[in-house]
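Undergrad: Here it is, the structure, as structure tokens.
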Amino acid sequence: RKEVEQDPGPFNVPEGATVAFNCTYSNSASQSFFWYRQDCRKEPKLLMSVYSSGNEDGRFTAQLNRASQYISLLIRDSKLSDSATYLCVVGYSGGGADGLTFGKGTHLIIQP
Amino acid sequence: DVKVTQSSRYLVKRTGEKVFLECVQDMDHENMFWYRQDPGLGLRLIYFSYDVKMKEKGDIPEGYSVSREKKERFSLILESASTNQTSMYLCASNADNEKLFFGSGTQLSVL
């Protein structure tokens with residue numbers, strides 16, 4: 001069974017701090033990686049795709065470590081509005097019903 | 001702007017009723033998915049479709065069926081709703097292992 005694991009948290013972080021969390025995956029043949037953000041009672045929304053070379057979008061940086069089979073998300077200068085659940089999604093070759101596997105999410109709370 | 005539309009945001013049904021959840025996407029995606037999400041359990045795949053009239057079971061297909069008669073529409077059917085099917089139902093679509101686009105979800109309560 002392909003697994004994607006995340007620390008559920010919650011991570012309680014003061015506003016303005018930097019926070020990072022990881023997501024590990026079990027299938028070394030994984031090809032695509034994403035971070036989604038989900039607010040309470042809302043649908044998940046794509047935050048960013050994760051590329052092999054790592055990528056940055058404003059205050060958010062995503063990294064992929066294939067050797068250790070994890071992806072990470074770093075949030076700098078955290079805002080109150082960053083409070084949400086962050087879902088890691090891993091895509092496996094071949095697609096199909098289990099082509100995309102979700103982690104259960106990491107709950108982040110930014111405190112004033 | 002790309003869109004996945006679910007027909008109802010909130011739905012209340014009685015035990016034993018037949019329930020239809022409709023999902024429409026306007027991105028010409030081949031793949032469409034139905035998930036349910038419950039506290040502590042994350043997103044669980046119910047059914048998946050990779051083409052018109054094609055479907056595959058996900059992790060928890062029991063008690064559900066699906067229909068995909070047109071590329072843009074993917075329906076989830078609860079033949080006889082039960083209280084343990086109370087959940088948030090999320091429809092999504094994509095093109096082959098690419099990013100998923102989600103509908104806004106249907107919170108179904110079965111009484």
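Undergrad: Among the residues of region A:42-56, is any in contact (Cβ under 8 Å) with a residue 12 or more places away in the chain and more than 14 Å from chain B (Cβ to nearest Cβ)? Lay out the reasoning, then the answer.
TA: Filtering region A:42-56 down to residues in contact (Cβ under 8 Å) with a residue 12 or more places away in the chain leaves A:44, A:46-52.
From the residues that got through so far, the ones that are more than 14 Å from chain B (Cβ to nearest Cβ) too are A:52.
Yes, there is a match, as at least one residue in region A:42-56 is in contact (Cβ under 8 Å) with a residue 12 or more places away in the chain and more than 14 Å from chain B (Cβ to nearest Cβ).
Undergrad: Every residue in region A:58-70 that is away from chain B (no Cβ under 14 Å) and either assigned to a strand (DSSP E or B) or farther than 20 Å from A:E3 by Cα (or both), please.
TA: Within region A:58-70, the subset away from chain B (no Cβ under 14 Å) is A:58-61, A:63-70.
Passing the criteria: A:G58, A:R59, A:F60, A:T61, A:Q63, A:L64, A:N65, A:Y70.
Undergrad: Also, I was wondering about something else. How many residues does region A:6-21 contain that are over 14 Å from the mean Cα position of the chain (by Cα) and surrounded by 15 or more Cβ atoms within 10 Å (Cβ to Cβ)?
TA: 1
Undergrad: Hey, can you tell me all the residues within region B:57-72 that are surrounded by 16 or more Cβ atoms within 10 Å (Cβ to Cβ) and in a strand (DSSP E or B)?
TA: B:V66, B:S67, B:R68
Undergrad: Determine whether region A:30-44 contains at least one residue that is more than 14 Å from A:F102 (Cα to Cα), among the small types (G, A, S) and in a loop (DSSP other than H, G, I, E, B).
TA: No, every residue in region A:30-44 fails to be more than 14 Å from A:F102 (Cα to Cα), among the small types (G, A, S) and in a loop (DSSP other than H, G, I, E, B).
Undergrad: Let me ask something additional. Look through B:M88, B:M27, B:M32 and report the one residue that is over 18 Å from A:V89 (Cα atoms), outside any loop (DSSP other than H, G, I, E, B) and not aromatic (F, W, Y).
TA: Working: B:M27 fails: outside any loop (DSSP other than H, G, I, E, B); B:M32 fails: over 18 Å from A:V89 (Cα atoms).
Among B:M88, B:M27, B:M32, only B:M88 is over 18 Å from A:V89 (Cα atoms), outside any loop (DSSP other than H, G, I, E, B) and not aromatic (F, W, Y).
A short reminder: the numbers here are calculations on the coordinates, not readings from a lab. A quick note: this is a predicted structure, and the numbers were derived from the prediction, not measured. Glycine gets a Cβ as well: all are built from the backbone with ideal geometry, and neighbour counts include every protein chain shown.
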